[in-house]
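The values are calculated or read from the model by the stated rules, or taken from the named source; none is laboratory data. All values reported here derive from a predicted model rather than from experimental measurement. Cβ sites come from the backbone with ideal geometry, for glycine too, and all protein chains shown count toward neighbours.
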Amino acid sequence: MENNNQLRTKANAEQFIYRLTYTEKINNTELPHTEQQLSDTFCFLFSISGRGLLILNDQKWRLKHLTLYTILPGETFMLKTEPYQKQELYLFRFQLYMLQDQNIREVSTEHARSLLNVWQFIDISSIEQIHSLLPEMTEEWKRPEAISFFRSQTLFQQLIMQLFTLHKEDICDTAHALFKTKQYIDQHSEEPLSLTSLSQMAGISASHYSELFKKHFNVSVTDYITKKRMARAKQLMAKGNAKLKDIALETGYQDPYYFSRIFKKKTGMTPSTYMKSRQRKIAAYGHSILGQLTPIHIIPYAAPLHPKWTAHDFEHHAEEIPIHLSAHRINEHAEANLRLLKETKPELIIANDHVTEEEKQVLKTICPVHFVPFTQLDWRAQFKQTAMFLNETR
């Protein structure tokens, strides 16, 4: 069914209506691009020249000349470019629509994902008009005349046509091939994965693939596979009740003793010690709560996480926490967060005292709750009080 849906999406991609909503030429990276920003539209980022990194959600990608990067609604992105280096980057925000039953409706992110993933990291050097098309579109967008808006839309349609030409001719460079294999590892880390099979998937030799993977992602293929497997193992351990043998099998290891050795090497503790540390099913509710727990080496079972709104916590703890609550804005997704907590059935909840009275009442019906008095005590007193509630004063 999934494959049929993907084929249908690709077949209908040419029927989408593309509407440009914003253009920008980036010569020198500054705010807002130097911190994680949440995209509320589809985006194209064209890298013409310059050096640096694109951080897309929690993934880092090296910027490459004459390359297209795609960003979906709900994803976060930021740029880290080398100082004193002139950049030539173009950012285009756009919306997607489709004509269906004589009505125009917006195309969902999931519906468009397979198309935009095909264009991710694609080499645009064969588009002859690219050096004139991108700046011309940006200049037209800036002009106040109504006709300029129409011209910029027309130029954007020309750009889309050029991208479809690349897609149909199946022009795919090495960076895009690496991206696809990295995606495959993310989705199939528990399966047998070899350097040979991944390099064949990328269409290059094993030694060259290994070298390029390390260059692009700053981690070896083996270490990246191990990282994904260890993250999965930690989540399974946090859920409790699973046997070590079953966890090993579910993360891609046939031998539980070998899995144990790898786990200790990568985490500094044995699986049994780690599982013991995660026995208590604690939930963090509200902003800044993880800072009450991680200093005493407590990783909660559920917590508010987002690559933009809780960037530090997301980077360091997202893979260890099985249940991610919404961290978008205080109280904005309270109903969904509370419903998820009820389903999770934690033993204890550490909550922010800024939550509404309605939220407090619901939280108390789930399990014992400690509300951190952020407005009444300084951080030392808050921390000591939380430690006492968790019997971690030592």
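Collect the residues in the range 280-309 that are at pLDDT below 85 and surrounded by fewer than 21 Cβ atoms within 10 Å (Cβ to Cβ), keeping them in residue-number order.
Hits for the range 280-309 are H287, S288, I296, H297, H306, K308, W309.
Counting just the residues of the range 229-270 that are of a type in the set (S, T, N, Q) and surrounded by fewer than 14 Cβ atoms within 10 Å (Cβ to Cβ), which one comes out farthest from I282 (Cα to Cα)? Step by step, filter the range 229-270, then rank; the result is Q254.
The residues of the range 380-394 that are among the hydrophobic types (A, V, I, L, M, F, W, C) and in a helix (DSSP H, G or I), listed by number, are A381, F383, A387, M388, F389. Would you point out the residue of the range 58-72, among those that are in contact with a Leu (Cβ under 9 Å, 6 or more places away or on another chain) and outside any strand (DSSP E or B), that is surrounded by the fewest Cβ atoms within 10 Å (Cβ to Cβ)? Only one residue fits best here, namely L72. Against the test of being of a type in the set (S, T, Y) and surrounded by fewer than 16 Cβ atoms within 10 Å (Cβ to Cβ), the options T138, T154 yield a single qualifying residue, T154. Taking (1) modelled with pLDDT under 90; (2) assigned by TED's automatic domain parsing to the domain that holds Q59 in turn, I160 satisfies each apart from (1).
Is it the case that A318 is touching a Phe, Trp or Tyr at 6+ places or on another chain (Cβ under 9 Å), surrounded by 17 or more Cβ atoms within 10 Å (Cβ to Cβ) and of a type in the set (A, V, I, L, M)? For A318, the condition - touching a Phe, Trp or Tyr at 6+ places or on another chain (Cβ under 9 Å), surrounded by 17 or more Cβ atoms within 10 Å (Cβ to Cβ) and of a type in the set (A, V, I, L, M) - is not met.
Each row is one residue, and each column tells you yes or no for (1) among the small types (G, A, S); (2) assigned by TED's automatic domain parsing to the domain that holds K180; (3) touching a Lys or Arg at 6+ places or on another chain (Cβ under 9 Å).
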{"position": "A112", "(1), (2), (3)": "yes, no, no"}
{"position": "F121", "(1), (2), (3)": "no, no, yes"}
{"position": "K142", "(1), (2), (3)": "no, no, no"}
{"position": "S152", "(1), (2), (3)": "yes, no, yes"}
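Residues that are in a loop (DSSP other than H, G, I, E, B), in contact (Cβ under 8 Å) with a residue 24 or more places away in the chain and surrounded by fewer than 15 Cβ atoms within 10 Å (Cβ to Cβ): does the range 334-352 have at least one? Within the range 334-352, one or more residues are in a loop (DSSP other than H, G, I, E, B), in contact (Cβ under 8 Å) with a residue 24 or more places away in the chain and surrounded by fewer than 15 Cβ atoms within 10 Å (Cβ to Cβ).
For the range 324-339, a residue qualifies if it is among the basic types (K, R) and at pLDDT below 70, and exactly one does: R329.
The listed residues are K276, K245, K264, and the only one of them that is part of a helix (DSSP H, G or I) and in contact with a helix residue (DSSP H, G or I) (Cβ under 6 Å, 6 or more places away or on another chain) turns out to be K245. Of all residues in the range 172-211, those satisfying the criterion of being in a loop (DSSP other than H, G, I, E, B) and either among the hydrophobic types (A, V, I, L, M, F, W, C) or farther than 30 Å from L236 by Cα (or both) are C172, D173, L193, G203, I204, S205. Scanning the range 76-88 for residues that are of a type outside the set (S, T, Y) and touching a residue at least 60 places away in the same chain (Cβ under 8 Å), we see that the one that is surrounded by the fewest Cβ atoms within 10 Å (Cβ to Cβ) is E88.
The sole residue among I147, I160, I225 that is closer than 30 Å to H317 by Cβ, assigned to a helix (DSSP H, G or I) and either free of Cβ contacts under 8 Å to residues at least 60 places away in the same chain or touching a Phe, Trp or Tyr at 6+ places or on another chain (Cβ under 8 Å) (or both) is I225. When the range 27-48 is filtered for residues that are modelled with pLDDT under 90 and touching a strand residue (DSSP E or B) at 6+ places or on another chain (Cβ under 6 Å), the ones remaining, listed by number, are T29, H33, E35, Q36, L38.
Got a number for residues in the range 377-394 being without any contact (Cβ under 8 Å) to a residue 12 or more places away in the chain and either touching a Phe, Trp or Tyr at 6+ places or on another chain (Cβ under 9 Å) or not hydroxyl-bearing (S, T, Y) (or both)?
9
Of everything in the range 41-57 that is more than 20 Å from T138 (Cβ to Cβ) and not in a strand (DSSP E or B), the residue that is nearest to the chain's Cα centre (by Cα) is N57.
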